[in-house]
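Down below is the structure, laid out as structure tokens.
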Amino acid sequence: MAVTGAVMVLFLVGHMLGNLKIFISRDSFNDYATALRTLLEPLAPYRTLLTIVEVVLAVSVVLHIWAAISLSRRAHAARPVKYAAKKSQAGGYATHIMRYGGVTIVLFLVWHLLDLTFGVVNPKGPVSTPADRMIAGFDPSRWWMTLIYLVAVVMVGLHLRHGIWSAFQTLGWANRNRYKALRTGAALVSAVLVIGFLAPPLAITFGVVK
Amino acid sequence: MNLTLKVWRQSGPSDSGRMVKYRVEEVSPDMSFLEMLDVLNERLILEGDDPIAFDHDCREGICGMCGMVINGVAHGEQVATTTCQLHMRHFEDGATITIEPWRAAPFPVVKDLVVDRSAFDRIIQAGGFVSVPAGSAPDAHSLPVRKEDADSAFDAATCIGCGACVAACPNGSASLFTAAKITHLSLLPQGQPERLSRAKAMVDQMDAEGFGGCTNTGECTAVCPKGIPLDTIAQMNSDYLKANAK
Amino acid sequence: MKYAEGSPIQDTKAPEGPIEDRWEKRKFAAKLVNPANKRKLNVIVVGTGLAGGSAAATLGELGYNVKSFCYQDTPRRAHSIAAQGGINAAKNYRGDGDSVYRLFYDTVKGGDFRSRESNVYRLAQVSVNIIDQAVAQGVPFAREYGGLLDTRSFGGAQVSRTFYARGQTGQQLLLGAYQALERQVAAGTVEMFTRHEMLDLIIDNGRARGVIVRDMVTGEIERHVADAVVLATGGYGNVFFLSTNAKGCNTTAIWRAHERGAYFANPCYTQIHPTCIPVSGEYQSKLTLMSESLRNDGRVWVPLRKGDDRLPGDIPDDERDYYLERIYPAFGNLVPRDIASRAAKNVCDEGRGVGPGGLGVYLDFRDAIGRLGRDAVEKKYGNLFEMYERITGENPYDQPMRIYPAVHYTMGGLWVDYDLQSTIPGLFVIGEANFSDHGANRLGASALMQGLADGYFVLPTTLGDYLAAGPFGEVNEEAVAEAEAKVTSRIERLLAVNGTRTPDSFHRELGRLMWDYCGMERTEESLRKALERIPELRAEFWANVKVSGANEELNQVLEKAGRVADFFDLAELMCLDALVRSESCGGHFRAESQDADGEALRDDEHFAHVSAWEHSPEGEPVLHKEPLEYDYVKMSQRSYK
């Protein structure tokens, strides 16, 4: 969980930085998208790096989900009889946000790929520039899309707030002297990602970026 | 005080069990929770009913024998307190209290609120010790230990093996229990020779017993009567990963 | 109650010669068991506290085939776990003048000249090995900044020889022994039987050859045979119902062994601990002890005036009676346990006690907080203060604690010789269950020392000497069947009464009676009253007890009833022993025998002996006296003034 999660966090940081290019200009954003595909050319064929990243990500996602499912199944097996009354003493945040949050994020991910990567459900369709798809996708008329996106990104943020800290714990790099720093760090990274990911769609929906 | 109790009754492992309601009256706020159950049991015996079976022994919070989930919280809501040290002054007159046994597959119910925690012994058997036969020890001062390390080792070593961590964990994990022993011995020079093999053997035994995995929810440390810190689990993970890398 | 006087008894195993060489001599003289034979020798150890746990582990390490039994769900819960203060050892790490000889001297004197010099000297010698062993096992003793072990002075000692692990020394030492034990379980040398209670001893051909136990989950009566049996089943303080013992502590194992022929020594020696939390009501199920290290900084007082019901904070200093400091200026609040306890009882009897029922005295930290600061006090006693607040709901930083004495430890127990063997060959008794080392009063932090000395170091040597003659062959089936039938019929009898009183109600009544008549202060009159009342109560028990449920299940009422039944018989012997010993000594205070200041007055001319009682099934108990001689420590009247 920790290792695959770390891979995805690194990806999210890159993804967010790329997204922010929309604030510079449509072309800058499109150039970035092209660069992702042409990087390493002509040493390697078109899309080499991107494909590697995609494969690593896909494997990470699958392993992450597999680990989550197996943990969850072990948990069910370890407690066949449920409590009549059960009250969380640690807020229950981590349990709920990770399991239910994780499922929400997967559902969103499918939609997100169909919308902005493959363009199948995007108003501009698959044959369009990434910037077109992005701006059309979050058009003020599609405010509900922005809302879905907002909810999903916040969910990702909450997932990471526990996830990042938890990864350090799982890998054995945490101790009581670092807990405060780790928790703060995890919250900070999550907040930056949430803001970074929400800025473009909100700017588009509210007409700041056209 | 007058209270209503909803207590898990189960005559044995083969019985499916049920919640049963009891009224208890004239409870003194200075009673301990177990004394309140004693009073109820005295009545049940005389009425020809089967008294509620529950584990208890020292009644001063150190033997780790007692333990029940009270209103959804292992050992009740009073922080850092075993069931035997919980007093009725923390409940309101007229309250309804739900009492259940520790629930985990590796802790099968023996009767009512009594569960079998022998899985913990087997985890210790796997490696929770320093191999030093009696009579073979060098002078106690031959190996100084940093005070900070000795104190942290002590913090981990105060685990009473009650099983509240397992009961509270949404995953039914025994990580805090196992990690407490691993950390205690990992922090001391005496524990070094067997450090990695110990971590591996104990964690593998914990998994083999059918406990769930740790997802770092922190429920365990929140109910732990001795406040075993969560970073013991990080220590365990670190030792375990190193052991596997070898 | 009548008794007969039998022939004197002697400890024939203690070697002669200079005291410092005796243990070496005994160890060398002890026969060794061929390593290949050890596997063929079976040993049963009952109880898994410091003594039993360490013994079973060590015997396993040596290669014997060990079966270990405990009534708890795991060996780690034995009541040794609750010992707070520390463990004595003559390490002299402080260079403050301590030595094996001084620990020996203090223990003999503290025991009020009613213990054996040879045993006590050995205990002091072995004490240093215990610390080494525990540290090597990873017991996290308190340390100083230099990395070396910290020690403190404890319970009346004038040297700093007590090693400790915050307020949980017993826990840490027991977990060390428990881990060693589990290591042997994994190695296959020890087979562990948890939730099993010993109900009888099997004797064949004059030797102890096994035990009958009840599986407390299924009710099955099981027979286990062996070449030797070791009892490490702790003390019998629960005869008083309210004590600092765990609820499950009982006398059944040693009492049944006594009924089978093991002599019971000095049953009347009971230690009352001065710093316990007072009783709060009728429902009280046990008493909680707070480490007497509290007396290092707390000051004990009661109001000067009778019936002064002002809040403690409102009582000015000149209207307080710091009675320990007043009566014992040299030792003040640190006088030995029995003296502190009796002094508390005296001021309460005068009507100056505080709290519910006037049964309590203040233990005040106001001055310590003023002198050292709240943080320093919290660092030293924080966990004890928390415990006090959890139980009483009162904050000891703001108002003084209330304390009252409670039964804590029993120095009496089965009689054993220097080898820790009882009068039944092959039956060894260790830890609190025997009588051997503390005389009439145990010093603070010496119980842990004795339990571990017996288990790790003494028994493994002396038991080998006995087993060298083994294996002892098949056990006669008749002997086993007889013991089993006795157990079964007793259970059936208990279940058949179906009366109207619970076992606990009888236990409470017996305990009250013992506390009133055979407690901190005993008189001929009170003891005679008790001896009259106990048989009546026992008769009522057997006619009117109600035991619900059946044998073939987890039945905590049945367990309790069996233990209470044995407490009646033990209580009677305790009172008889207390009556016969008309002197005061250590934890046994006969009001008739005190000096002008109200201090315990020994009668060395008539009572410098161990009273070893032989059970006789039909007739009266037989008293065998073991004379005590003091060649090294000159007998003197204790004085802590």
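The values are calculated or read from the model by the stated rules, or taken from the named source; none is laboratory data. As the structure is a computational prediction, the values presented were derived from the model and not from experiment. All Cβ positions, glycine included, derive from the backbone under ideal geometry; neighbour counts span all protein chains shown. Side chains included, ligands, DNA and RNA excluded: accessible areas come from the protein's heavy atoms. Shrake-Rupley method; radii C 1.70, N 1.55, O 1.52, S 1.80 Å.
Just a few scattered comments:
- Among all positions in the range B:140-163, there is at least one residue which is β-branched (Val, Ile, Thr), in the same structural domain as B:Ala208 (by TED's automatic domain parsing), in contact (Cβ under 8 Å) with a residue 60 or more places away in the chain and touching a helix residue (DSSP H, G or I) at 6+ places or on another chain (Cβ under 8 Å).
- The criterion of at least 2 residues that are crowded, with 24+ Cβ neighbours inside 10 Å is met by the following strands (runs of 3 or more DSSP E) wholly inside the range C:202-273: C:207-215, C:228-231.
- Only one entry of C:Ala453, C:Ala447 meets the criterion of being closer than 19 Å to C:Val108 by Cβ and open to solvent by 10 Å² or more (accessible area, probe 1.4 Å), and that entry is C:Ala447.
- Number of the exception - B:Val69 against (1) of a type in the set (A, V, I, L, M, F, W, C); (2) open to solvent by less than 10 Å² (accessible area, probe 1.4 Å); (3) more than 27 Å from C:Asn245 (Cα to Cα); (4) within 14 Å of chain A (Cβ to nearest Cβ): (3)
- Residues being open to solvent by 70 Å² or more (accessible area, probe 1.4 Å), over 20 Å from B:Pro108 (Cα atoms) and either within 11 Å of chain C (Cβ to nearest Cβ) or not in a strand (DSSP E or B) (or both) - total across the range B:1-33: 2
- Any hit, the range C:407-422, residues being under 24 Å from the mean Cα position of the chain (by Cα), among the acidic types (Asp, Glu), within 30 Å of C:His615 (Cα to Cα) and not in a helix (DSSP H, G or I): yes
- The range B:114-148, residues that are at the interface with chain C (Cβ under 7 Å from one of its Cβ atoms), of a type in the set (A, V, I, L, M, F, W, C) and in contact with a strand residue (DSSP E or B) (Cβ under 8 Å, 6 or more places away or on another chain): B:Ala140, B:Val145
- Residue that is farthest from the other protein chains (Cβ to nearest Cβ) [pool: residues in the range B:78-113 that are farther than 22 Å from C:Leu175 by Cβ and hydroxyl-bearing (Ser, Thr, Tyr)]: B:Thr96
- For the range C:603-618, a residue qualifies if it is outside any helix (DSSP H, G or I) and modelled with pLDDT of 95 or more, and the qualifying residues are C:Asp603, C:Ala608, C:His609, C:Val610, C:Ser611, C:Ala612, C:Trp613, C:Glu614, C:His615.
- Every condition in (1) under 23 Å from the mean Cα position of the chain (by Cα); (2) surrounded by fewer than 23 Cβ atoms within 10 Å (Cβ to Cβ); (3) within 30 Å of B:Met36 (Cβ to Cβ) holds for C:Cys276 except the one numbered (2).
- Selection count, the range C:368-399, where residues are open to solvent by 10 Å² or more (accessible area, probe 1.4 Å) and in a loop (DSSP other than H, G, I, E, B): 7
- Residues located in the range C:463-517, provided they are open to solvent by less than 40 Å² (accessible area, probe 1.4 Å), out of contact with any strand residue (DSSP E or B) (no Cβ under 7 Å at 6 or more places or on another chain) and over 25 Å from C:Lys247 (Cβ atoms): C:Gly464, C:Asp465, C:Ala468, C:Gly470, C:Ala481
- Only one of C:Val545, C:Val557 that is within 11 Å of chain B (Cβ to nearest Cβ), under 26 Å from the mean Cα position of the chain (by Cα) and in contact (Cβ under 8 Å) with a residue 12 or more places away in the chain: C:Val557
- Flag for A:Arg183 being open to solvent by 80 Å² or more (accessible area, probe 1.4 Å) and either under 30 Å from B:Tyr240 (Cα atoms) or touching a Pro at 6+ places or on another chain (Cβ under 9 Å) (or both): yes
- Hits in the range B:74-99 (condition: in contact with a Lys or Arg (Cβ under 8 Å, 6 or more places away or on another chain), surrounded by fewer than 22 Cβ atoms within 10 Å (Cβ to Cβ) and among the aliphatic types (A, V, I, L, M)): B:Ala80, B:Ile97
- Restricting C:Ala539, C:Ala561, C:Ala530 to those that are touching a Pro at 6+ places or on another chain (Cβ under 9 Å) and in a helix (DSSP H, G or I) reduces the list to C:Ala561.
- Residue match in the range A:171-179 (condition: exposed (fewer than 14 other Cβ atoms within 10 Å of the Cβ) and at pLDDT 95 or above): no
- The criterion of being more than 26 Å from A:Gly163 (Cα to Cα), at pLDDT 95 or above and aromatic (Phe, Trp, Tyr) does not hold for B:Phe211.
Rundown of residues vs (1) within 24 Å of the chain's Cα centre (by Cα); (2) part of a helix (DSSP H, G or I); (3) modelled with pLDDT of 95 or more, yes/no style:
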| position | (1), (2), (3) |
| --- | --- |
| C:Gly146 | no, no, yes |
| C:Ala157 | yes, no, no |
| C:Gly167 | yes, no, no |
| C:Gly170 | yes, yes, yes |
| C:Leu174 | yes, yes, yes |
| C:Gln179 | yes, yes, yes |
| C:Ala186 | no, yes, yes |
| C:Glu191 | no, no, yes |
| C:Met198 | yes, no, yes |
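- Any chance C:Arg161 is away from chain B (no Cβ under 11 Å) and among the basic types (Lys, Arg): yes
Each row is one residue, and each column tells you yes or no for (1) facing another protein chain (nearest Cβ under 10 Å); (2) within 23 Å of C:Ser160 (Cα to Cα); (3) in contact with a strand residue (DSSP E or B) (Cβ under 7 Å, 6 or more places away or on another chain); (4) open to solvent by 10 Å² or more (accessible area, probe 1.4 Å).
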position	(1), (2), (3), (4)
C:Asn65	no, no, yes, yes
C:Phe69	no, no, yes, no
C:Ala134	yes, yes, no, no
C:Glu144	yes, yes, no, yes
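- Of all the residues in the range B:50-65, those that are farther than 30 Å from C:Gln172 by Cβ and more than 7 Å from chain C (Cβ to nearest Cβ) number 1.
- Selection from the range C:280-307 of residues that are surrounded by fewer than 19 Cβ atoms within 10 Å (Cβ to Cβ), more than 8 Å from chain B (Cβ to nearest Cβ) and part of a loop (DSSP other than H, G, I, E, B): C:Glu282, C:Leu304, C:Arg305, C:Lys306, C:Gly307
- Annotation note: Cβ proximity below 9 Å between a residue of the range A:180-191 that is within 18 Å of A:Met8 (Cβ to Cβ) and a residue that is among the charged types (D, E, K, R) and surrounded by 19 or more Cβ atoms within 10 Å (Cβ to Cβ) (sequence gap 6+ or interchain) occurs for A:Ala186/A:Arg161; A:Ala187/A:Arg161; A:Val189/A:Arg161; A:Ser190/A:Arg161; A:Ala191/A:Arg161.
- Verdict on C:Ser153 being more than 8 Å from chain B (Cβ to nearest Cβ), surrounded by fewer than 24 Cβ atoms within 10 Å (Cβ to Cβ) and within 29 Å of C:Ala600 (Cα to Cα): yes
- Within the range B:44-64, being assigned to a loop (DSSP other than H, G, I, E, B) and open to solvent by less than 10 Å² (accessible area, probe 1.4 Å) holds for B:Ile52, B:Ala53, B:Phe54, B:Asp57, B:Cys58, B:Gly61, B:Cys63, B:Gly64.
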